[in-house]
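Reading through the C-alpha coordinates given below for one structure.
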Amino acid sequence: MIASINGLQFGNMILAGAGAIEASRQEINELNVFPVPDGDTGTNMSLTMAAAAADVRRCDAPEIGNVAHVVAQALLRGARGNSGVILSLLFRGFSRHIKEYCTISGAEFAHALQEGVDAAYSAVMKPAEGTVLTVSRVMADRAIAFLEEQTAIEAVLAEALIAGQEALAKTTSQNPVLQKAGVVDAGAKGYLIIMDAMLGSLQGRTALPVPTSEGAPEREKADFTEYAAEDIRFAYCTEFIIKRRRTKKDPIKLRAFLGALGDSLVFVDDESLIKVHVHTNHPGRALEEALAYGDLTSVKVDNMREQHTEKVIHSGTAGDKASVSERPYGFVSVCAGEGIAHVFRDLGVDNLVEGGQTMNPSTQDILFQINQTPAELVFVLPNNKNIIMAAQQCIPLTNKKVVVLPSTSVPQGIAALLAFDSSLEPDQMREAMLQAMSGIVSGSVTSAARQSVFDGMEIAEGDYLALLDGQLLCTGKDEQSVLTRLAEAISKSSPSYITLFYGDHLTEQTARTCAALFEQACPAAEVTLLSGGQPVYSYLISAE
(Lines give C-alpha, C1' and ligand atoms only; values in the text may rest on other atoms or scores of the structure.)
Protein backbone atom coordinates (compact mmCIF):
# COMPACT_ATOMS: atom_id res chain seq x y z
CA MET A 1 0.00 0.00 0.00
CA ILE A 2 1.51 3.32 -1.09
CA ALA A 3 1.38 5.73 1.85
CA SER A 4 2.61 8.96 0.22
CA ILE A 5 3.77 10.38 -3.12
CA ASN A 6 6.34 12.91 -4.32
CA GLY A 7 6.47 15.22 -7.31
CA LEU A 8 7.77 12.60 -9.73
CA GLN A 9 4.98 10.19 -8.87
CA PHE A 10 2.35 12.92 -9.12
CA GLY A 11 3.71 13.95 -12.52
CA ASN A 12 3.39 10.36 -13.74
CA MET A 13 -0.16 10.30 -12.43
CA ILE A 14 -1.00 13.40 -14.46
CA LEU A 15 0.54 11.87 -17.59
CA ALA A 16 -1.54 8.74 -17.06
CA GLY A 17 -4.69 10.83 -16.61
CA ALA A 18 -3.98 12.78 -19.79
CA GLY A 19 -3.43 9.57 -21.73
CA ALA A 20 -6.61 7.98 -20.41
CA ILE A 21 -8.87 10.91 -21.23
CA GLU A 22 -7.35 11.13 -24.72
CA ALA A 23 -8.05 7.43 -25.27
CA SER A 24 -11.62 7.89 -24.01
CA ARG A 25 -12.26 11.17 -25.76
CA GLN A 26 -14.83 9.86 -28.24
CA GLU A 27 -16.55 7.80 -25.55
CA ILE A 28 -17.04 10.97 -23.52
CA ASN A 29 -18.16 12.93 -26.59
CA GLU A 30 -20.87 10.33 -27.20
CA LEU A 31 -22.34 11.15 -23.78
CA ASN A 32 -23.03 14.75 -24.79
CA VAL A 33 -26.80 14.97 -24.89
CA PHE A 34 -26.95 17.52 -27.67
CA PRO A 35 -25.62 15.72 -30.77
CA VAL A 36 -23.66 18.56 -32.37
CA PRO A 37 -19.82 18.56 -32.21
CA ASP A 38 -19.88 22.05 -30.72
CA GLY A 39 -16.90 21.83 -28.37
CA ASP A 40 -17.62 18.32 -27.12
CA THR A 41 -16.74 17.54 -23.50
CA GLY A 42 -14.30 14.72 -24.27
CA THR A 43 -12.38 16.83 -26.77
CA ASN A 44 -12.20 19.81 -24.41
CA MET A 45 -11.08 17.78 -21.39
CA SER A 46 -8.51 15.89 -23.46
CA LEU A 47 -6.94 19.03 -24.90
CA THR A 48 -6.96 20.70 -21.48
CA MET A 49 -5.13 17.76 -19.90
CA ALA A 50 -2.74 17.62 -22.86
CA ALA A 51 -1.57 21.13 -21.95
CA ALA A 52 -0.72 19.93 -18.44
CA ALA A 53 1.03 16.81 -19.72
CA ALA A 54 3.24 18.88 -22.00
CA ASP A 55 4.48 21.02 -19.11
CA VAL A 56 4.86 18.05 -16.75
CA ARG A 57 7.23 16.39 -19.22
CA ARG A 58 9.48 19.45 -18.97
CA CYS A 59 9.32 19.57 -15.16
CA ASP A 60 11.82 17.59 -13.08
CA ALA A 61 10.99 19.07 -9.67
CA PRO A 62 10.94 16.43 -6.92
CA GLU A 63 8.54 18.42 -4.70
CA ILE A 64 4.89 17.64 -5.29
CA GLY A 65 3.91 21.23 -4.50
CA ASN A 66 6.01 22.51 -7.39
CA VAL A 67 4.72 19.91 -9.84
CA ALA A 68 1.11 20.58 -8.81
CA HIS A 69 1.68 24.28 -9.41
CA VAL A 70 3.01 23.56 -12.91
CA VAL A 71 -0.05 21.43 -13.59
CA ALA A 72 -2.46 24.08 -12.31
CA GLN A 73 -0.88 26.86 -14.38
CA ALA A 74 -0.88 24.75 -17.54
CA LEU A 75 -4.49 23.71 -17.05
CA LEU A 76 -5.55 27.30 -16.41
CA ARG A 77 -4.05 28.53 -19.67
CA GLY A 78 -4.95 25.44 -21.68
CA ALA A 79 -8.55 25.20 -20.46
CA ARG A 80 -11.10 24.73 -23.25
CA GLY A 81 -14.83 24.91 -22.82
CA ASN A 82 -16.73 24.85 -19.54
CA SER A 83 -15.60 21.29 -18.77
CA GLY A 84 -11.94 22.22 -19.26
CA VAL A 85 -12.25 25.33 -17.08
CA ILE A 86 -13.93 23.40 -14.25
CA LEU A 87 -11.24 20.72 -14.50
CA SER A 88 -8.55 23.40 -14.25
CA LEU A 89 -10.24 24.90 -11.18
CA LEU A 90 -10.39 21.51 -9.43
CA PHE A 91 -6.63 21.13 -9.87
CA ARG A 92 -5.95 24.79 -9.08
CA GLY A 93 -7.54 24.48 -5.63
CA PHE A 94 -5.76 21.15 -5.17
CA SER A 95 -2.44 22.85 -5.97
CA ARG A 96 -3.02 25.66 -3.49
CA HIS A 97 -3.46 23.24 -0.60
CA ILE A 98 -0.21 21.33 -1.18
CA LYS A 99 1.99 24.18 -2.45
CA GLU A 100 4.46 23.87 0.46
CA TYR A 101 4.72 20.06 0.47
CA CYS A 102 7.53 17.87 -0.84
CA THR A 103 5.41 14.73 -0.40
CA ILE A 104 1.80 14.17 0.61
CA SER A 105 -0.11 11.38 2.28
CA GLY A 106 -3.78 10.56 1.93
CA ALA A 107 -4.68 13.23 4.49
CA GLU A 108 -3.19 16.08 2.48
CA PHE A 109 -4.59 14.57 -0.72
CA ALA A 110 -8.14 14.43 0.68
CA HIS A 111 -8.10 18.03 1.90
CA ALA A 112 -6.55 19.16 -1.39
CA LEU A 113 -9.46 17.52 -3.22
CA GLN A 114 -11.81 19.50 -0.99
CA GLU A 115 -10.07 22.81 -1.76
CA GLY A 116 -10.31 22.01 -5.45
CA VAL A 117 -14.05 21.46 -5.11
CA ASP A 118 -14.40 24.78 -3.28
CA ALA A 119 -12.52 26.59 -6.06
CA ALA A 120 -14.73 25.05 -8.75
CA TYR A 121 -18.00 25.75 -6.96
CA SER A 122 -17.04 29.37 -6.30
CA ALA A 123 -16.53 29.97 -10.03
CA VAL A 124 -19.93 28.65 -11.12
CA MET A 125 -22.80 31.08 -10.64
CA LYS A 126 -25.57 28.48 -10.36
CA PRO A 127 -24.11 25.03 -9.64
CA ALA A 128 -26.41 22.26 -10.81
CA GLU A 129 -26.71 18.79 -9.30
CA GLY A 130 -25.77 15.84 -11.45
CA THR A 131 -22.59 17.31 -12.88
CA VAL A 132 -18.83 16.98 -12.39
CA LEU A 133 -19.21 19.41 -9.48
CA THR A 134 -21.49 16.96 -7.68
CA VAL A 135 -19.23 13.98 -8.31
CA SER A 136 -16.04 15.81 -7.28
CA ARG A 137 -17.74 17.00 -4.07
CA VAL A 138 -18.87 13.50 -3.15
CA MET A 139 -15.36 12.17 -3.80
CA ALA A 140 -13.76 14.79 -1.58
CA ASP A 141 -16.29 14.20 1.21
CA ARG A 142 -15.70 10.43 1.13
CA ALA A 143 -11.92 10.88 1.06
CA ILE A 144 -11.96 13.06 4.17
CA ALA A 145 -14.34 10.75 6.03
CA PHE A 146 -12.19 7.73 5.13
CA LEU A 147 -9.17 9.26 6.89
CA GLU A 148 -10.55 7.89 10.16
CA GLU A 149 -9.82 4.39 8.80
CA GLN A 150 -6.79 4.85 6.56
CA THR A 151 -4.35 7.64 5.61
CA ALA A 152 -2.37 5.93 2.84
CA ILE A 153 -2.88 7.91 -0.34
CA GLU A 154 -3.53 4.82 -2.45
CA ALA A 155 -6.36 3.72 -0.17
CA VAL A 156 -7.84 7.23 0.09
CA LEU A 157 -7.90 7.73 -3.69
CA ALA A 158 -9.37 4.26 -4.23
CA GLU A 159 -12.14 4.98 -1.74
CA ALA A 160 -12.83 8.37 -3.33
CA LEU A 161 -13.20 6.65 -6.71
CA ILE A 162 -15.73 4.19 -5.29
CA ALA A 163 -17.78 7.16 -4.08
CA GLY A 164 -17.31 8.88 -7.43
CA GLN A 165 -18.65 5.90 -9.38
CA GLU A 166 -21.69 5.77 -7.10
CA ALA A 167 -22.26 9.49 -7.59
CA LEU A 168 -21.79 9.22 -11.36
CA ALA A 169 -24.58 6.64 -11.62
CA LYS A 170 -26.90 9.05 -9.80
CA THR A 171 -26.24 11.95 -12.20
CA THR A 172 -28.75 10.43 -14.63
CA SER A 173 -31.63 10.87 -12.17
CA GLN A 174 -30.36 14.17 -10.75
CA ASN A 175 -30.37 16.00 -14.07
CA PRO A 176 -33.68 16.02 -16.02
CA VAL A 177 -31.91 16.37 -19.37
CA LEU A 178 -29.64 13.40 -18.64
CA GLN A 179 -32.62 11.39 -17.40
CA LYS A 180 -34.49 11.88 -20.68
CA ALA A 181 -31.41 10.81 -22.65
CA GLY A 182 -30.60 7.94 -20.30
CA VAL A 183 -26.92 8.85 -19.92
CA VAL A 184 -24.54 9.95 -17.15
CA ASP A 185 -22.87 13.37 -17.07
CA ALA A 186 -20.03 13.57 -19.60
CA GLY A 187 -17.79 15.88 -17.55
CA ALA A 188 -18.17 13.75 -14.43
CA LYS A 189 -17.34 10.61 -16.40
CA GLY A 190 -14.25 12.29 -17.84
CA TYR A 191 -13.09 13.37 -14.39
CA LEU A 192 -13.43 9.82 -13.07
CA ILE A 193 -11.47 8.44 -16.01
CA ILE A 194 -8.64 10.86 -15.20
CA MET A 195 -8.66 10.06 -11.49
CA ASP A 196 -8.86 6.31 -12.08
CA ALA A 197 -5.84 6.49 -14.40
CA MET A 198 -3.98 8.46 -11.71
CA LEU A 199 -4.67 5.65 -9.23
CA GLY A 200 -3.64 3.13 -11.87
CA SER A 201 -0.32 4.92 -12.26
CA LEU A 202 0.28 4.49 -8.53
CA GLN A 203 -0.61 0.82 -8.67
CA GLY A 204 1.40 0.12 -11.80
CA ARG A 205 -1.61 -0.94 -13.88
CA THR A 206 -1.70 2.09 -16.20
CA ALA A 207 1.04 2.54 -18.79
CA LEU A 208 2.31 6.07 -19.31
CA PRO A 209 0.88 7.55 -22.52
CA VAL A 210 3.02 8.00 -25.58
CA PRO A 211 3.35 11.73 -26.35
CA THR A 212 1.21 12.57 -29.36
CA SER A 213 -0.24 15.61 -31.02
CA GLU A 214 -3.01 13.62 -32.72
CA GLY A 215 -6.33 15.34 -32.31
CA ALA A 216 -4.82 18.63 -31.20
CA PRO A 217 -5.35 21.69 -33.38
CA GLU A 218 -2.44 22.36 -35.69
CA ARG A 219 -0.68 25.63 -34.94
CA GLU A 220 0.00 27.73 -37.98
CA LYS A 221 2.58 30.45 -38.31
CA ALA A 222 1.65 33.99 -39.22
CA ASP A 223 2.78 35.38 -42.57
CA PHE A 224 4.66 38.62 -41.91
CA THR A 225 6.15 38.98 -45.39
CA GLU A 226 4.35 42.29 -45.86
CA TYR A 227 5.11 43.52 -42.36
CA ALA A 228 8.26 45.64 -42.31
CA ALA A 229 10.73 45.18 -39.47
CA GLU A 230 10.68 48.90 -38.76
CA ASP A 231 6.95 48.60 -37.99
CA ILE A 232 7.82 46.65 -34.83
CA ARG A 233 7.47 49.29 -32.14
CA PHE A 234 9.16 47.34 -29.33
CA ALA A 235 12.13 45.29 -30.52
CA TYR A 236 12.85 42.88 -27.67
CA CYS A 237 10.60 40.03 -26.59
CA THR A 238 11.66 39.71 -22.95
CA GLU A 239 10.66 36.79 -20.74
CA PHE A 240 11.82 36.00 -17.22
CA ILE A 241 10.82 34.29 -13.99
CA ILE A 242 11.40 35.83 -10.57
CA LYS A 243 11.79 33.59 -7.56
CA ARG A 244 10.23 35.87 -4.97
CA ARG A 245 11.90 36.67 -1.69
CA ARG A 246 10.38 38.27 1.35
CA THR A 247 9.86 41.93 0.53
CA LYS A 248 7.25 44.57 1.18
CA LYS A 249 7.34 45.66 -2.46
CA ASP A 250 3.97 45.21 -4.13
CA PRO A 251 4.12 43.23 -7.41
CA ILE A 252 1.40 45.52 -8.78
CA LYS A 253 4.04 48.25 -8.98
CA LEU A 254 6.27 45.99 -11.07
CA ARG A 255 3.39 45.23 -13.41
CA ALA A 256 2.67 48.96 -13.80
CA PHE A 257 6.35 49.67 -14.46
CA LEU A 258 6.58 47.00 -17.15
CA GLY A 259 3.30 48.10 -18.69
CA ALA A 260 4.69 51.59 -19.14
CA LEU A 261 7.97 50.22 -20.50
CA GLY A 262 6.45 48.29 -23.42
CA ASP A 263 3.45 46.31 -24.55
CA SER A 264 2.13 42.73 -24.88
CA LEU A 265 2.61 42.28 -21.15
CA VAL A 266 1.64 38.96 -19.57
CA PHE A 267 2.19 39.12 -15.81
CA VAL A 268 1.39 36.07 -13.65
CA ASP A 269 1.87 36.69 -9.92
CA ASP A 270 2.12 33.63 -7.72
CA GLU A 271 3.06 33.48 -4.05
CA SER A 272 6.46 32.04 -4.90
CA LEU A 273 7.09 33.09 -8.50
CA ILE A 274 6.42 35.97 -10.86
CA LYS A 275 6.35 35.11 -14.57
CA VAL A 276 6.73 37.95 -17.05
CA HIS A 277 6.47 38.33 -20.82
CA VAL A 278 6.84 41.85 -22.26
CA HIS A 279 7.85 43.53 -25.51
CA THR A 280 10.14 46.47 -24.82
CA ASN A 281 13.04 48.50 -26.18
CA HIS A 282 14.76 48.40 -22.79
CA PRO A 283 15.08 44.80 -21.53
CA GLY A 284 17.90 45.88 -19.18
CA ARG A 285 15.59 48.24 -17.31
CA ALA A 286 12.95 45.52 -17.02
CA LEU A 287 15.42 43.05 -15.55
CA GLU A 288 16.97 45.60 -13.19
CA GLU A 289 13.57 46.52 -11.77
CA ALA A 290 12.67 42.83 -11.46
CA LEU A 291 15.70 42.17 -9.25
CA ALA A 292 14.11 44.29 -6.52
CA TYR A 293 11.46 41.59 -6.15
CA GLY A 294 13.66 38.48 -6.07
CA ASP A 295 16.17 36.36 -7.93
CA LEU A 296 15.93 35.79 -11.67
CA THR A 297 15.77 32.05 -12.38
CA SER A 298 15.12 32.21 -16.12
CA VAL A 299 15.78 34.97 -18.65
CA LYS A 300 15.10 34.96 -22.40
CA VAL A 301 15.47 38.00 -24.70
CA ASP A 302 14.79 37.83 -28.45
CA ASN A 303 15.33 40.63 -30.98
CA MET A 304 12.09 40.59 -32.96
CA ARG A 305 13.37 42.91 -35.67
CA GLU A 306 16.12 40.47 -36.47
CA GLN A 307 13.80 37.49 -36.35
CA HIS A 308 11.18 39.47 -38.29
CA THR A 309 8.60 36.78 -37.62
CA GLU A 310 7.11 35.77 -34.31
CA LYS A 311 5.49 32.52 -33.40
CA VAL A 312 1.81 33.20 -32.76
CA ILE A 313 -1.08 31.09 -31.60
CA HIS A 314 -3.29 31.63 -34.62
CA SER A 315 -2.60 32.45 -38.25
CA GLY A 316 -2.55 36.21 -38.72
CA THR A 317 -4.49 38.28 -41.21
CA ALA A 318 -4.35 41.95 -42.19
CA GLY A 319 -7.20 42.73 -39.81
CA ASP A 320 -5.29 41.23 -36.86
CA LYS A 321 -2.35 43.67 -36.96
CA ALA A 322 -2.34 45.83 -33.87
CA SER A 323 -2.12 49.58 -34.18
CA VAL A 324 0.92 51.16 -32.58
CA SER A 325 -1.22 53.89 -30.98
CA GLU A 326 -2.94 53.04 -27.72
CA ARG A 327 -6.73 53.50 -27.52
CA PRO A 328 -9.17 53.47 -24.60
CA TYR A 329 -11.22 50.56 -25.95
CA GLY A 330 -10.69 47.48 -28.09
CA PHE A 331 -12.46 44.24 -29.03
CA VAL A 332 -11.53 40.57 -29.29
CA SER A 333 -14.06 38.22 -30.84
CA VAL A 334 -14.27 34.45 -31.26
CA CYS A 335 -15.66 33.24 -34.58
CA ALA A 336 -15.32 30.63 -37.31
CA GLY A 337 -15.69 31.34 -41.02
CA GLU A 338 -14.00 33.98 -43.15
CA GLY A 339 -17.25 35.71 -44.05
CA ILE A 340 -18.23 36.16 -40.41
CA ALA A 341 -14.67 37.19 -39.57
CA HIS A 342 -14.88 39.88 -42.24
CA VAL A 343 -18.08 41.26 -40.68
CA PHE A 344 -16.45 41.43 -37.24
CA ARG A 345 -13.41 43.24 -38.66
CA ASP A 346 -15.63 45.74 -40.44
CA LEU A 347 -17.41 46.43 -37.15
CA GLY A 348 -14.12 47.32 -35.45
CA VAL A 349 -12.88 44.11 -33.83
CA ASP A 350 -9.12 44.37 -33.29
CA ASN A 351 -8.24 40.68 -33.03
CA LEU A 352 -10.05 37.45 -33.80
CA VAL A 353 -9.74 34.06 -32.15
CA GLU A 354 -10.56 31.22 -34.50
CA GLY A 355 -12.99 28.83 -32.90
CA GLY A 356 -16.52 28.28 -31.75
CA GLN A 357 -18.19 25.37 -33.49
CA THR A 358 -16.26 22.08 -33.28
CA MET A 359 -13.22 23.58 -31.56
CA ASN A 360 -13.39 25.79 -28.47
CA PRO A 361 -10.29 27.98 -28.10
CA SER A 362 -8.24 27.76 -24.93
CA THR A 363 -7.83 30.47 -22.32
CA GLN A 364 -4.29 30.98 -23.64
CA ASP A 365 -5.60 31.50 -27.18
CA ILE A 366 -7.95 34.24 -26.00
CA LEU A 367 -5.37 35.77 -23.65
CA PHE A 368 -2.83 36.09 -26.46
CA GLN A 369 -5.22 38.13 -28.58
CA ILE A 370 -6.26 40.28 -25.60
CA ASN A 371 -2.62 41.19 -25.01
CA GLN A 372 -2.18 41.97 -28.70
CA THR A 373 -5.06 44.45 -28.60
CA PRO A 374 -3.72 48.04 -28.30
CA ALA A 375 -6.32 49.23 -25.82
CA GLU A 376 -6.60 49.86 -22.10
CA LEU A 377 -9.99 48.16 -21.84
CA VAL A 378 -10.69 45.10 -23.99
CA PHE A 379 -14.19 43.75 -24.56
CA VAL A 380 -14.26 40.03 -25.34
CA LEU A 381 -17.08 38.44 -27.33
CA PRO A 382 -17.04 34.62 -26.86
CA ASN A 383 -20.12 34.13 -29.11
CA ASN A 384 -20.63 30.64 -27.69
CA LYS A 385 -21.91 29.60 -24.26
CA ASN A 386 -19.13 27.01 -23.97
CA ILE A 387 -16.39 29.64 -24.35
CA ILE A 388 -17.57 32.24 -21.81
CA MET A 389 -15.86 30.63 -18.80
CA ALA A 390 -12.56 30.22 -20.67
CA ALA A 391 -12.68 33.91 -21.60
CA GLN A 392 -13.39 34.93 -18.01
CA GLN A 393 -10.26 33.09 -16.83
CA CYS A 394 -8.20 35.66 -18.80
CA ILE A 395 -9.23 38.55 -16.57
CA PRO A 396 -6.62 38.01 -13.79
CA LEU A 397 -3.91 36.94 -16.26
CA THR A 398 -3.41 40.30 -17.96
CA ASN A 399 -2.64 43.85 -16.92
CA LYS A 400 -5.36 45.12 -19.23
CA LYS A 401 -8.88 45.67 -18.00
CA VAL A 402 -11.04 42.98 -19.59
CA VAL A 403 -14.83 42.84 -19.85
CA VAL A 404 -16.29 39.57 -21.10
CA LEU A 405 -19.67 40.15 -22.71
CA PRO A 406 -21.57 36.83 -22.38
CA SER A 407 -22.57 36.55 -26.03
CA THR A 408 -23.75 33.03 -26.83
CA SER A 409 -24.03 33.40 -30.60
CA VAL A 410 -22.51 35.27 -33.52
CA PRO A 411 -25.68 37.40 -33.98
CA GLN A 412 -25.46 38.51 -30.35
CA GLY A 413 -21.80 39.47 -30.82
CA ILE A 414 -22.64 41.52 -33.91
CA ALA A 415 -25.49 43.25 -32.08
CA ALA A 416 -23.16 44.20 -29.22
CA LEU A 417 -20.68 45.77 -31.64
CA LEU A 418 -23.41 47.76 -33.39
CA ALA A 419 -24.47 49.17 -30.00
CA PHE A 420 -20.94 50.26 -29.04
CA ASP A 421 -20.75 53.98 -28.22
CA SER A 422 -17.34 55.29 -27.19
CA SER A 423 -18.88 58.45 -25.68
CA LEU A 424 -20.38 56.41 -22.84
CA GLU A 425 -18.70 55.45 -19.60
CA PRO A 426 -17.46 51.82 -19.52
CA ASP A 427 -20.30 50.59 -17.31
CA GLN A 428 -22.89 52.36 -19.45
CA MET A 429 -21.23 50.96 -22.56
CA ARG A 430 -21.42 47.43 -21.21
CA GLU A 431 -25.10 47.80 -20.31
CA ALA A 432 -25.93 49.21 -23.77
CA MET A 433 -24.26 46.25 -25.46
CA LEU A 434 -25.93 43.73 -23.15
CA GLN A 435 -29.30 45.30 -23.89
CA ALA A 436 -28.64 45.10 -27.62
CA MET A 437 -27.71 41.42 -27.27
CA SER A 438 -30.94 40.68 -25.41
CA GLY A 439 -32.99 42.08 -28.29
CA ILE A 440 -31.63 39.60 -30.84
CA VAL A 441 -33.40 36.43 -31.89
CA SER A 442 -30.81 33.86 -32.99
CA GLY A 443 -31.51 30.85 -35.14
CA SER A 444 -29.32 28.14 -36.60
CA VAL A 445 -29.53 24.95 -38.64
CA THR A 446 -27.12 22.04 -38.45
CA SER A 447 -27.14 18.26 -38.62
CA ALA A 448 -26.82 15.65 -35.88
CA ALA A 449 -23.37 14.11 -35.49
CA ARG A 450 -24.74 11.05 -33.68
CA GLN A 451 -27.92 9.39 -32.49
CA SER A 452 -29.44 10.96 -29.42
CA VAL A 453 -32.58 11.70 -27.46
CA PHE A 454 -32.94 15.36 -26.55
CA ASP A 455 -35.89 17.12 -24.91
CA GLY A 456 -38.12 14.16 -25.70
CA MET A 457 -37.13 14.10 -29.37
CA GLU A 458 -35.45 11.07 -30.88
CA ILE A 459 -32.64 12.23 -33.15
CA ALA A 460 -30.91 10.04 -35.71
CA GLU A 461 -27.40 10.70 -37.00
CA GLY A 462 -27.63 13.03 -40.00
CA ASP A 463 -31.02 14.54 -39.04
CA TYR A 464 -31.37 18.27 -39.56
CA LEU A 465 -31.73 20.33 -36.37
CA ALA A 466 -33.19 23.81 -36.03
CA LEU A 467 -32.29 25.86 -32.95
CA LEU A 468 -33.97 29.03 -31.74
CA ASP A 469 -32.03 31.07 -29.17
CA GLY A 470 -29.95 28.01 -28.35
CA GLN A 471 -32.96 25.73 -27.76
CA LEU A 472 -33.86 22.83 -30.02
CA LEU A 473 -36.94 23.84 -32.03
CA CYS A 474 -37.41 20.86 -34.33
CA THR A 475 -35.69 18.04 -36.20
CA GLY A 476 -36.32 16.46 -39.57
CA LYS A 477 -34.99 14.45 -42.47
CA ASP A 478 -35.55 17.33 -44.90
CA GLU A 479 -33.63 20.60 -44.45
CA GLN A 480 -36.29 22.60 -46.30
CA SER A 481 -39.03 21.63 -43.84
CA VAL A 482 -36.78 22.40 -40.86
CA LEU A 483 -35.96 25.84 -42.29
CA THR A 484 -39.65 26.50 -42.88
CA ARG A 485 -40.44 25.75 -39.22
CA LEU A 486 -37.61 28.00 -38.10
CA ALA A 487 -38.75 30.87 -40.35
CA GLU A 488 -42.29 30.59 -38.98
CA ALA A 489 -41.01 30.65 -35.40
CA ILE A 490 -38.82 33.71 -36.03
CA SER A 491 -41.73 35.51 -37.74
CA LYS A 492 -43.56 35.59 -34.39
CA SER A 493 -41.07 38.17 -33.13
CA SER A 494 -42.09 40.50 -36.01
CA PRO A 495 -38.49 41.28 -37.03
CA SER A 496 -37.55 44.27 -39.16
CA TYR A 497 -34.16 42.91 -40.20
CA ILE A 498 -33.01 39.35 -40.82
CA THR A 499 -29.43 38.38 -41.69
CA LEU A 500 -28.63 34.88 -42.94
CA PHE A 501 -25.04 33.57 -42.88
CA TYR A 502 -24.64 30.42 -44.95
CA GLY A 503 -21.98 27.80 -44.25
CA ASP A 504 -18.79 26.78 -46.00
CA HIS A 505 -20.37 23.75 -47.71
CA LEU A 506 -23.23 25.67 -49.38
CA THR A 507 -23.46 27.64 -52.61
CA GLU A 508 -25.09 31.05 -52.86
CA GLN A 509 -27.76 29.59 -55.14
CA THR A 510 -28.73 27.00 -52.53
CA ALA A 511 -28.72 29.64 -49.80
CA ARG A 512 -31.06 31.88 -51.81
CA THR A 513 -33.72 29.20 -51.45
CA CYS A 514 -33.41 29.59 -47.69
CA ALA A 515 -33.60 33.38 -47.97
CA ALA A 516 -36.82 33.05 -49.97
CA LEU A 517 -38.41 31.06 -47.15
CA PHE A 518 -37.68 33.85 -44.67
CA GLU A 519 -38.90 36.52 -47.09
CA GLN A 520 -42.17 34.63 -47.42
CA ALA A 521 -42.56 34.05 -43.66
CA CYS A 522 -41.51 37.61 -42.71
CA PRO A 523 -42.72 39.88 -45.55
CA ALA A 524 -42.16 43.08 -43.55
CA ALA A 525 -38.52 42.26 -42.82
CA GLU A 526 -35.46 43.21 -44.85
CA VAL A 527 -33.61 39.93 -45.50
CA THR A 528 -29.85 39.98 -46.16
CA LEU A 529 -27.92 36.92 -47.33
CA LEU A 530 -24.17 36.69 -46.60
CA SER A 531 -21.52 34.01 -47.00
CA GLY A 532 -20.43 33.22 -43.45
CA GLY A 533 -18.10 30.37 -44.34
CA GLN A 534 -18.74 28.77 -40.93
CA PRO A 535 -18.28 25.01 -40.42
CA VAL A 536 -20.89 22.66 -38.91
CA TYR A 537 -23.82 25.10 -39.08
CA SER A 538 -25.52 25.39 -42.49
CA TYR A 539 -27.17 28.66 -41.48
CA LEU A 540 -26.79 31.21 -38.70
CA ILE A 541 -29.74 33.60 -38.54
CA SER A 542 -30.00 36.96 -36.81
CA ALA A 543 -33.40 38.66 -36.43
CA GLU A 544 -34.14 42.01 -34.83
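Mind giving me the FRET efficiency for Met1 and Arg57? R0 is 30 Å, r the Cβ-Cβ distance, nearest 0.05 is fine.
0.60
Hydropathy first: keep DSSP H helices in the chain averaging at least 0.0 on Kyte-Doolittle, then drop any whose Cα extent along the axis falls short of 27 Å, and list what survives.
Answer set is 153-174.
If you put +1 on each Lys and Arg Cβ and -1 on each Asp and Glu Cβ, how big is the dipole of the chain around its Cα centre, in Debye rounded to 20?
Result for the chain is approximately 1100 debye, rounded to the nearest 20.
Accessible area per residue, 1.4 Å probe, Å², for the range 407-544: what's the number?
For the range 407-544, the solvent-accessible area averages 47 Å² per residue.
Would you calculate the separation in nanometres between label points at Asp250 and Glu129, each defined as 7 Å from the Cα along the Cα-to-beta-carbon direction?
4.5 nm
Please give me, ordered by residue number, the trypsin sites (Lys or Arg not before Pro) of the range 154-194 that lie in loop per DSSP and have at most 14 other Cβ atoms within 10 Å.
Passing sites in the range 154-194 do not exist.
Relative to the present Cα-Cα distance, how much length would full extension add between Arg285 and Gln179 at 0.36 nm per residue of separation?
Gain in length upon complete extension: 32.1 nm.
From the backbone phi of the range 378-395, what are the Karplus-calculated ³J(HN,Hα) couplings (6.51 cos²θ - 1.76 cosθ + 1.60, θ = phi - 60°) in whole Hz, Gly and Pro given as x?
10, 8, 10, 10, x, 6, 6, 5, 8, 10, 4, 5, 5, 5, 5, 5, 6, 4
Binning every alpha carbon pair distance of the chain at 20 Å from zero, what are the percents per bin?
20, 51, 27, 2
What spacing in nm lies between the two simple spin-label points modelled at Ala145 and Tyr121, each 7 Å away from Cα in the Cβ direction?
The answer from the label model is 1.5 nm.
Between Ser494 and Asp295, what length in nm is gained on full extension when 0.36 nm per residue of separation is reduced by their alpha carbon distance?
Residue separation times 0.36 nm, minus the Cα-Cα distance, leaves 65.2 nm.
So what is the relative contact order for the range 382-472, in percent, with contacts set as C-alpha pairs under 8 Å and at least six apart?
Over the range 382-472, the number comes to 20 percent.
Would you mind checking which residues have amide H under 5 Å from Ile459's amide H? H placed 1.01 Å from N; only 5 or more apart, or other chain.
Residues meeting the amide H criterion: Ser452, Val453, Phe454.
For the chain, what proportion of DSSP beta bridges, expressed in % and rounded to the nearest 5, is antiparallel? Don't skip to the end; give the middle numbers.
Numbers: 50 of 70 bridges.
Here the share of antiparallel DSSP bridges comes out near 70 percent.
Averaging sequence separations of C-alpha pairs under 8 Å and six or more residues apart, then dividing by the length of the chain, give the relative contact order as a whole percent.
13 percent
Past 30 Å, Cα to Cα: identify those pairs from Lys249/Lys385; Lys180/Lys385; Lys249/Lys300, in the order given.
Values: Lys249/Lys385 40 Å; Lys180/Lys385 22 Å; Lys249/Lys300 24 Å.
Those over the limit are Lys249/Lys385.
Based on the Cβ-Cβ distance from Leu418 to Glu100, what FRET efficiency comes out when R0 is 35 Å, to the nearest 0.05?
0.10
Express in nm, to one decimal, how much length is gained between Thr172 and Asp302 on full extension, taking 0.36 nm for each residue of separation and deducting their alpha carbon distance.
Contour length minus the Cα-Cα distance gives 41.5 nm.
Tally up the carbon and sulfur contribution to the accessible surface of the chain as a whole percent, 1.4 Å probe, everything protein left in place.
C and S atoms contribute 49 percent here.
Within 10 Å of each candidate Cβ there may be at most 15 other Cβ atoms; applying that plus a DSSP loop requirement, which GluC sites (Glu not before Pro) in the range 106-162 survive? Before the final figure, lay out each step's value.
Details: sites: Glu108, Glu115, Glu129, Glu148, Glu149, Glu154, Glu159; in loops: Glu129, Glu148, Glu149.
When the GluC sites (Glu not before Pro) of the range 106-162 are filtered for loop state and at most 15 Cβ neighbours within 10 Å, Glu129, Glu148, Glu149 remain.
Would you work out which of Ala292, Leu133, Gly42 lies farthest towards the positive end of the dipole of the chain? Charges go on Cβ: Lys and Arg +1, Asp and Glu -1.
Going by the Cα projections, it comes out as Ala292.
As I understand it, the dipole of the range 1-73 uses +1 on the Cβ of Lys and Arg and -1 on the Cβ of Asp and Glu, about the Cα centre. Which of Leu15, Asn32, Ser4 lies farthest toward its positive end?
The listed residue farthest towards the positive side: Ser4.
The values are calculated or read from the model by the stated rules, or taken from the named source; none is laboratory data. Quick caveat: nothing in here was measured; it's all calculated off a predicted structure. Every residue, glycine among them, receives a Cβ derived from its backbone with ideal geometry; neighbour counts consider all protein chains shown. The protein model used for the area step is the full one, side chains on, heavy atoms only, and it has no ligands, DNA or RNA in it. Shrake-Rupley method; radii C 1.70, N 1.55, O 1.52, S 1.80 Å.
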